[in-house]
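Written out below as structure tokens is the structure these notes cover.
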């Protein structure tokens, strides 16, 4: 699979270059995150595996490739995530405004950049479930006909059941102080099905259940911010990326829940939400090529800054 | 396991430096082959896996590390082996003598360096089983009390049964033209047990069985040389490394079988047999660091020369 995914990645690179009329020779470097197969930073001997062989990407495209960014941070005792914190800092830090970058993928993660702060001031963490539980419940309710709540319409038609949310907020992850990361192992299908069963036990309609899971995502994000972002230095602008940016219920509820913060799609900054993660790893690859560290110990818990990734010649 | 083996490798590096009073700062670069977990170059989508996380080695030792040498050659359509051919060329090629380098590990492999030849003239291949089948049979016969035939003493006390060897030489691998590689998948425990069963069917004594397997290793090496080394340009000196060099029966029989060739331990060249593979990967890492290719398409079947390995910062 490692070679096969490498070929797919190389094909994707060639396709996008051809589609946009960009000659290969214009591309100096590829940064490839790879497909995560597992990620267990908390074992005594940690392990993580991202596949998509960079030697294949480099050979097939003819472009030097840097890949496998997480292991160096983990070798230094970090969680190997979130790595987007430093690119977020480079792209979005502001001398006047405190900026937040919220990516709502399967898991939601946030980077907070205090106004006029150095990279040491950056904090970043996973806040908890993003779309993962919502998607699982929508898929279950619709027998797989719908894979996600399009634009948050189902949630908008339902009513969240706050007592259940209050119960779920007792999950120990939400009490951990950052740096903290989580994943499918904690907030995956099993937990989603337990939540759905609880909703049904409370006789919630399908859309009420979806609204309740949606509200869980919103409130865990808001909870993180209230717990870990100093009140005296609140987030002025929170740019949202990831699939969750298309969920209008999530976006509207975040705006309501985060008083004093402008919650906007990251696209408003000029960076496409769909491209933000890819841009982050291009930046990390560029940093590594220039011998610059890419992790932030304040975000990952590593003992030191590290030059990330493995360099592979074409 | 990938991280764990990485820690063990790092400990080994630190131990050997300390033992020899060499400061870490004297070491510019580590070349780490890694522990091969699987190697299937012949699948439609090839795969290979060497573990021992280089990010861990680099972090723990503070020394830049290059690892994972085989994938680049395989990305270029090669078998990812033998990679020792180019280091053998750099270390041993001779303007007057045709040199052979024979490593008898689990599998036996040979590099042939024609007198005054360029690296294009180098051929290299696995010849077939090395110690793998002998060791398996000794272990089986002694219920695990002996793991190998020490100094070839058991083989020396037995008599090889040539009809069985002739039968085994019909194995299709021995008819393949180089480049060719093999491994435990082909000549491992299963085959060894089949050979032992055949020996017992012919009422061979234990030592006769071991002598027969030992002679198989010798004759497959001799067969390869007679098939693929031009008669007009025979090997003048064949340097032997790997565990097999300590098997006096193998060494004596090779000297008898290869008329006109001086069969000697590679130690006679000034390079320790035990260190030869390690030296080879140090050379490959050094070549990669300087942007020089390390594979030989004539040895691996790759479509082109490639800079091997993945560079990891400490």
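Tabulated data
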quantity	calculated
Tally, over segment B:235-251, of residues that are under 18 Å from residue B:127 (Cα atoms), in contact with a helix residue (DSSP H, G or I) (Cβ under 8 Å, 6 or more places away or on another chain) and surrounded by fewer than 21 Cβ atoms within 10 Å (Cβ to Cβ)	1
Strands (runs of 3 or more DSSP E) completely within segment B:1-118 that count 1 or more residues being within 14 Å of chain A (Cβ to nearest Cβ), under 24 Å from residue B:224 (Cα atoms) and in contact (Cβ under 8 Å) with a residue 24 or more places away in the chain	B:35-40
Any chance residue B:303 is touching a residue at least 12 places away in the same chain (Cβ under 8 Å) and assigned by TED's automatic domain parsing to the domain that holds residue B:71	yes
Selected residue [buried (at least 19 other Cβ atoms within 10 Å of the Cβ) and either at pLDDT below 95 or over 25 Å from residue B:298 (Cα atoms) (or both)] from B:176, B:213, B:191	B:213
Failed criterion for residue A:235 (all others in (1) over 17 Å from the mean Cα position of the chain (by Cα); (2) closer than 22 Å to residue A:132 by Cβ hold)	(2)
Condition met for residue A:139 (outside any helix (DSSP H, G or I), in the same structural domain as residue A:265 (by TED's automatic domain parsing), more than 12 Å from the chain's Cα centre (by Cα) and modelled with pLDDT of 95 or more)	no
Residue within segment A:263-283 that is within 14 Å of chain B (Cβ to nearest Cβ), modelled with pLDDT of 95 or more and under 17 Å from residue A:119 (Cα atoms) present	no
Matching option when the condition is closer than 19 Å to residue B:288 by Cα and more than 19 Å from the chain's Cα centre (by Cα), among B:29, B:8	B:29
Total residues in segment A:285-301, condition modelled with pLDDT under 95 and either over 16 Å from residue A:76 (Cβ atoms) or at the interface with chain B (Cβ under 10 Å from one of its Cβ atoms) (or both)	0
Residue B:68 vs. criteria in contact with a strand residue (DSSP E or B) (Cβ under 8 Å, 6 or more places away or on another chain), modelled with pLDDT of 95 or more and surrounded by 24 or more Cβ atoms within 10 Å (Cβ to Cβ)	yes
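The values are calculated or read from the model by the stated rules, or taken from the named source; none is laboratory data. Bear in mind the structure is a predicted one, so any value in this text is a computation, not a measurement. Don't worry about glycine lacking a Cβ; one is built from the backbone with ideal geometry, like all the others, and counts go over all protein chains shown.
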